[in-house]
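Okay, so here's the structure we're looking at.
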Amino acid sequence: MKVYIPRDAAAKALGAEDVVAALRAEAARRGVEVSIIRNGSRGMVWLEPLVEVETPEGRVAFGPMTPAAVAQVFDGGPLSLGLTEDLPWLKAQTRLTFARCGIIDPLSLADYRAHGGLEGLAKAVAMTGAEIVNEVSQSGLRGRGGAGFPTGIKWKTVHDAAAPQKYIVANADEGDSGTFADRMIMEGDPFVLIEGMAIAGLAVGATKGFVYIRSEYPDAIEVMTEAVAIATREGVLGASVLGSGKAFDLEIRTGAGAYVCGEETSLLNSLEGKRGTVRAKPPLPALQGFMNRPTVVNNVISLASVPVILAKGAAFYAGFGLGRSRGTIPLQIAGNVKQGGLYEIAFGLSLREIVQQIGGGTASGRPVKAVQVGGPLGAYLAPHQFDIPFGYEEYSGQNALIGHAGLTVFDDSADMLKLARFAMEFCAIESCGKCTPCRIGAVRGVETIDRIGRGDAAAIPLLTDLCDTMKSGSLCALGGFTPYPVMSALTHFPDDFSATAKEAAE
Ligand SMILES: Cc1cc2nc3c(=O)[nH]c(=O)nc-3n(C[C@H](O)[C@H](O)[C@H](O)COP(=O)(O)O)c2cc1C
Ligand code: SF4
């Protein structure tokens, strides 16, 4: 009997280890030989721990499994969900980047190859760097870390720079609250990130790469470290990538835990062993990055999307999406929602579809009041904006951003003044201190919101002015984007900022 139980951190947090132990004990009691494969998560977090049993018809899912209910895996029962592939949540997705996540054994290179892994890299070793860069440019891929910058243009800058040494850095700091796509892919399909980074190395002429992972991700660090060792042993990495004669080596580095260390220049300082403060740009990291050498810094998902682009061609990838938002995006649905998890789909869905149909509405059953899109620096979108299609330009037209595609749902009990205060406080705590609008502005911002909360309406224009200053005067997007959550809360939910309304509600 072959059984799959995720080793994913979310599944573990929900009791996967206890389910494994109970299942082994139950199998021994019944005299059934069971082989348990620790796969990645399928992304349906509300069904974790999701146990899957291999059958001639396909895998059959059971979840959310508990140690007390493991007998159902053998006898059937109410936790049986039928064939995994037929689950509507999974079936409606377009899984390009996450195609293998939850399906393969994350640390089996043979399994990875058997499911289309290394096809992109095999093509890349036969191409020139310029050809690879062109393919990525044609795919329309844009950075999934937040800024949405075209990946091909960044790679071309590094490709065209003359230097004795260049680097590839995967940004796996994933500091945005409510996001977990980087973690899930690293734990569920680590070789796809390794393959993407090796392709990036061949494209720009870099022979060395780093994966900078936040210290709060011990499972991802463990899986990635082991995967790099396997890839090196098997010749995917090393002095001759897939026998091409071209070198590419990878090292895993752990961050010490600061939101700002996800900002690329701060990350580079941290990687160099310095304090994680933001560097002024120019010079661009693409020209003077790690150790002052040309460096590609890309988000994990940007890099993990490259293998499928090379394997299936730029036109295939660009065939999904809308406008200038090409390809697919792994939505991370969290907060007050019934069905939270990771859902990969082409750009273009509306928030209404995402929250109501995919997420199943709020967990509390109350009406949705707001959705924060794009992590702690993202705007709160109000119901009148819920029909806007999910795309970079569509969101920036609303003074909002897609960011790393995290969505946090709030019901009508949310107090938007408190959430605006939280955003300012977060900025004050996480500020690297390099520039005044952020370092001082965020502290003054908290004080000003407190004045408004005490009924001082004259402080509202002061808050607006302060946000304008932070937006235009901050050195990086921590101070520069904090006005998005604050101003969207103030603009769309003015009643929450009015003392009379607050008093009336109390
Ligand atoms: C305060 C702050 C935090 C950030 N955190 C992350 C992060 O955790 N992960 C990430 O990929 N990008 C993060 N970014 C964006 C990076 O600076 C950079 O744009 C990104 O890594 C580039 O990769 P991409 O082009 O593939 O998106 C952050 C930016 C700011 C201003
Ligand atoms: S905006 Fe904030 S985090 Fe960014 S450089 Fe200025 S002080 Fe540092």
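The values are calculated or read from the model by the stated rules, or taken from the named source; none is laboratory data. Owing to the predicted nature of the structure, the values given are computational and were not obtained by experimental measurement. FYI the Cβ positions are ideal-geometry reconstructions off the backbone, even for glycines, and counts take in every protein chain you see. Quick note on the areas: whole protein, heavy atoms, side chains included, nothing else; ligands and nucleic acids left out. Shrake-Rupley method; radii C 1.70, N 1.55, O 1.52, S 1.80 Å.
May I ask you to derive the relative contact order of the range 1-138, considering only C-alpha pairs under 8 Å and at least 6 residues apart, and to give it as an integer percent?
The normalised contact order for the range 1-138 reaches 22 percent.
Per 5 Å bin, what percent of the C-alpha pairs of the range 185-275 does each bin hold, from zero upward?
3, 14, 24, 21, 20, 13, 5, 1
Rounded to the nearest 20 debye, what is the charge dipole size of the range 249-351 about its Cα centre when +1 sits on each Lys and Arg Cβ and -1 on each Asp and Glu Cβ?
The calculation lands at about 200 debye.
List every residue whose amide H lies under 5 Å from the amide H of ARG59, counting only residues 5 or more places away in sequence or on a different chain, with H placed 1.01 Å from N in the peptide plane.
THR84, GLU85
Could you give me the ³J(HN,Hα) list for the range 236-252, computed from phi with Karplus coefficients 6.51, -1.76, 1.60 and θ = phi - 60°, whole Hz, x at Gly and Pro?
6, 10, x, 5, 9, 4, 6, x, 7, x, 9, 8, 7, 10, 10, 9, 9
Please list 3J(HN,Hα) in residue order for the range 335-341, calculated via the Karplus relation 6.51 cos²θ - 1.76 cosθ + 1.60 where θ = phi - 60°; whole Hz, with x for glycine and proline.
x, 7, 9, 5, 10, x, x
Can you check what the net charge comes to around VAL19, using other residues whose Cβ is under 13 Å from the Cβ of VAL19 (Lys, Arg +1; Asp, Glu -1)?
Charge balance near VAL19 sits at -2.
Just to confirm a number: summing +1 for Lys and Arg and -1 for Asp and Glu over residues other than ARG444 whose beta-carbon lies under 11 angstrom from that of ARG444, what do you get?
-1
Taking N as the number of residues in the range 12-70, what value does Rg over Cα atoms divided by 2.2 N^0.38 Å take?
In units of the 2.2 N^0.38 Å rule of thumb, it is 1.10.
Percent relative contact order of the chain, based on C-alpha pairs within less than 8 angstrom and at least six residues apart?
Worked out over the chain, it gives 13 percent.
Quick one: ranking HIS384, HIS159, HIS115, HIS404 by accessible area, 1.4 Å probe, largest first, what do you get?
HIS384, HIS115, HIS159, HIS404
Taking only DSSP H segments of four or more residues, each worth -39500 (n - 2.57), what value at 222 nm results for the chain once the sum is divided by all its residues, to the nearest 500 deg cm²/dmol?
It comes out at -11000 deg cm²/dmol, rounded to the nearest 500.
Return the percentage of antiparallel bridges among DSSP beta bridges fully within the chain, rounded to the nearest 5 %.
DSSP beta bridges in the chain are roughly 55 percent antiparallel.
Taking the Cα centre of the chain as the origin and placing charges on Cβ (Lys, Arg +1; Asp, Glu -1), which of SER139, TYR484, LEU419 is farthest toward the positive end of the dipole?
Toward the positive end, the furthest listed residue is SER139.
Normalising by the residue count of the range 217-374, find the relative contact order in percent from Cα pairs under 8 Å and 6+ residues apart.
Averaging sequence separation for qualifying contacts and normalising by length gives 9 percent for the range 217-374.
Just how far, in whole angstrom, is the range 259-312 from the range 127-184 if you go by their alpha carbon centroids?
9
At 1.4 Å probe size, with every protein chain present, just tell me what the per residue accessible area of the chain comes to in Å².
Each residue of the chain exposes 38 Å² on average to a 1.4 Å probe.
I'd like the distance between the alpha-carbon centres of the range 76-117 and the range 395-447, rounded to an integer number of Å.
Cα centroid to Cα centroid, the span is 36 Å.
Using a 1.4 Å probe over the heavy atoms of the protein chains, calculate the carbon and sulfur portion of the accessible area of the range 333-377 as a whole percent.
48
Take the range 231-290, drop everything but the C-alpha atoms, weight them equally and run the Debye formula without solvent; then report log10 I(q)/I(0) at 0.18, 0.29 Å⁻¹ to two decimals.
Values returned for q = 0.18, 0.29 Å⁻¹ are -0.72, -1.05.
So who's got an amide H within less than 5 Å of the one on LEU381, skipping anything under 5 residues away but keeping other chains? H placed 1.01 Å off N, in plane.
VAL371, GLN372, VAL373
Counting Lys and Arg as +1 and Asp and Glu as -1, each charge on the Cβ, what is the dipole of the chain about the Cα centre in debye, to the nearest 20?
In debye, rounded to 20, the chain gives about 1100.
Quick one, can you get me the convex hull of the C-alpha atoms of the chain expressed as volume per residue in Å³?
Convex hull of Cα atoms, per residue: 142 Å³.
Compute the Cα gyration tensor for the range 353-438, then decide on rounded, prolate or oblate, letting a ≥ b ≥ c be the square roots of its eigenvalues: rounded whenever a/c is under 1.5, prolate when a/b is larger than b/c in the other cases, and oblate in all that remain.
Cα axes put the range 353-438 in the oblate bin.
Using only C-alpha atoms and all pairs of different ones, pull out the Kirkwood radius for the range 253-342 in Å with one decimal.
15.9
Choose one of SER305, GLY319, LEU349: the residue whose Cα lies farthest towards the positive end of the charge dipole of the range 283-398 (beta-carbon charges +1 Lys, Arg; -1 Asp, Glu; about the Cα centre).
The residue sitting most towards the positive pole is SER305.
For the pairs LYS166/LYS471; LYS91/LYS154; LYS91/LYS312; LYS246/LYS281; LYS166/LYS274, note any where the Cα-Cα span goes beyond 28 Å.
LYS166/LYS471; LYS91/LYS154; LYS246/LYS281
Skipping prolines and chain starts, which residues have an amide H placed within reach, meaning under 5 Å, of the one on GLY335, given they are 5 or more residues away or on another chain?
Those lying under 5 Å, H to H, from GLY335 are VAL409.
Could you go through the range 174-182 in sequence order and give the Karplus-derived ³J(HN,Hα) for each residue, using 6.51 cos²θ - 1.76 cosθ + 1.60 with θ = phi - 60°, rounded to whole Hz, and x for Gly and Pro?
5, x, 4, 4, x, 10, 7, 5, 4
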